[in-house]
1. May I have the extent of the alpha carbons of region 43-94 along their three principal axes, as whole Å values ordered from largest to smallest?
2. When the scattering of region 170-242 is computed by the Debye formula from its Cα atoms alone, each counted once and equally, what is log10 I(q)/I(0) at q = 0.19 Å⁻¹?
3. With unit charges on the beta carbon (Lys/Arg positive, Asp/Glu negative), name the residue among Gln167, Ser146, Phe189 whose Cα is farthest towards the positive pole of the charge dipole of region 146-209.
4. Please rank Asp140, Asp231, Asp183, fewest neighbouring Cβ atoms within 10 Å first, as an exposure proxy.
5. Going by average Cβ neighbours within 10 Å, how do the peptides 44-52, 201-209 rank, with the highest at the top?
6. Could you give me D for region 211-370, from Stokes-Einstein at 10 °C and 1.306 mPa s, where the hydrodynamic radius is the Kirkwood radius over C-alpha pairs? Units µm² s⁻¹, please.
7. Quick query: amide H of Ile177 versus all other amide H atoms, modeled in the peptide plane; which residues come in under 5 Å with a sequence gap of 5 or more or a different chain?
8. Where does helix 3-21 land angle-wise versus the long Cα axis of the chain, in degrees 0 to 90, nearest 10?
Amino acid sequence: MDKRRGAAFGLALVAALAASACESESGGGGGGGGGDDEGLKIAFLLPESQTTRYESFDRPLFEAAVEDQCPSGETCEVLYSNANQDAEQQQSQAEAAINNGADVLVLDPVDGDAAANIAATAAEQDIPVVAYDRSINDADIAYYVSFDNVTVGEVQAQSLVDRLAEQGVTSGNIVMINGGPTDPNAQEFNEGAHNVLDASGFTLQPEGNDFFTPDWEPENAQDFMDGQIADLGPTGFVGVYAANDGTAGGAISAMLAAGIDPLPPVTGQDAELAGIQRVVAGQQYMTVYKPIGPEAEKAAEVAIALAQGEEVEGDTTVDNGFGEIPTTLFDPVPVTAENVADTVVADEFWSIEDICTADYADACAAIGLQ
């Protein structure tokens, strides 16, 4: 891993405290620009707080990056909102940010299709939109910054297949638990997973009818897994493809409640603390770590340039249905118990103290994480 990336990440978290002091919010998480024409106003619109990364990492890191990259002699204000998984609320928050003088919208959409309406509203005011982490479909947007989401699904699926091969398992049922049905990333994770699993010799369950977890809720994943255990039997599957750590946690809770021991390999994503602790404890085989610091820094860089009326070019382009959008895609990193220390700990994403609480001290010691 890039040591500079890890150092920058840690510095950004510290800087976020200073950045938040400059932020103005209205009640309920809406933007709060106050109508002042001076300085640059950047709206940062996140989709939900169910996934811990958004409030714990994306928000403070983006705010810190804006503060750090704000041009000399200029003032930069972040108008922050979280839509709590409500597309209509996100539309209202975007309109509030526009009314409060936002120069650019950095939008992580609740619904990649519905967010096209937000982009159209912004375009009417000549306000550029940056799609952050999730694509905005069929919309004229200025930039897209994310991870290679098809690759994420491929990494998850390949890790699962490889782990099963290590255990001498080359066939059987794999329960597939995908992400939220309105999240465009979930469709790409699913695509990547199918790229690997369809040719793997394993059978996906439910066969021919992929399940997408409403709102990414762990409870919904747990309910689905309960049904799969009832249908297939507690020994009727050899692995679980779960799209993120929340859905993995739901699946694992269902299996533990059913008395399944040992647990089969389970995938995840986001390197949430609970997910990492399950990886360390051997309940969850892997998660996908997506270094959010570089993503937030790039989004801030692009947003500031667009707010100043500059043109921006991507490292590549992605067709979102409207056209080829300038894009930056970062690479995901698979994390297992073997490389926790070299990834999330080395990058200061989580500390050993965060991970190795009393409940996980023995598991940490067993893998040399002390």
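1. Principal-axis extents of the Cα atoms in region 43-94, largest first: 37, 23, 7 Å.
2. The computed values of log10 I(q)/I(0) come out as -0.75.
3. Gln167
4. Going from sparsest to densest Cβ surroundings: Asp231, Asp140, Asp183.
5. Sorting 44-52, 201-209 by mean packing, highest first, produces 44-52, 201-209.
6. 89
7. Tyr241, Ala242, Ala243
8. 50
Every number in this text was worked out from the coordinates using simple rules, so none of it is lab data. Note that the structure is predicted; figures quoted are calculated from it, not measured. Reconstructed Cβ throughout: ideal geometry from the backbone, glycine too, with neighbour counts over all protein chains shown.
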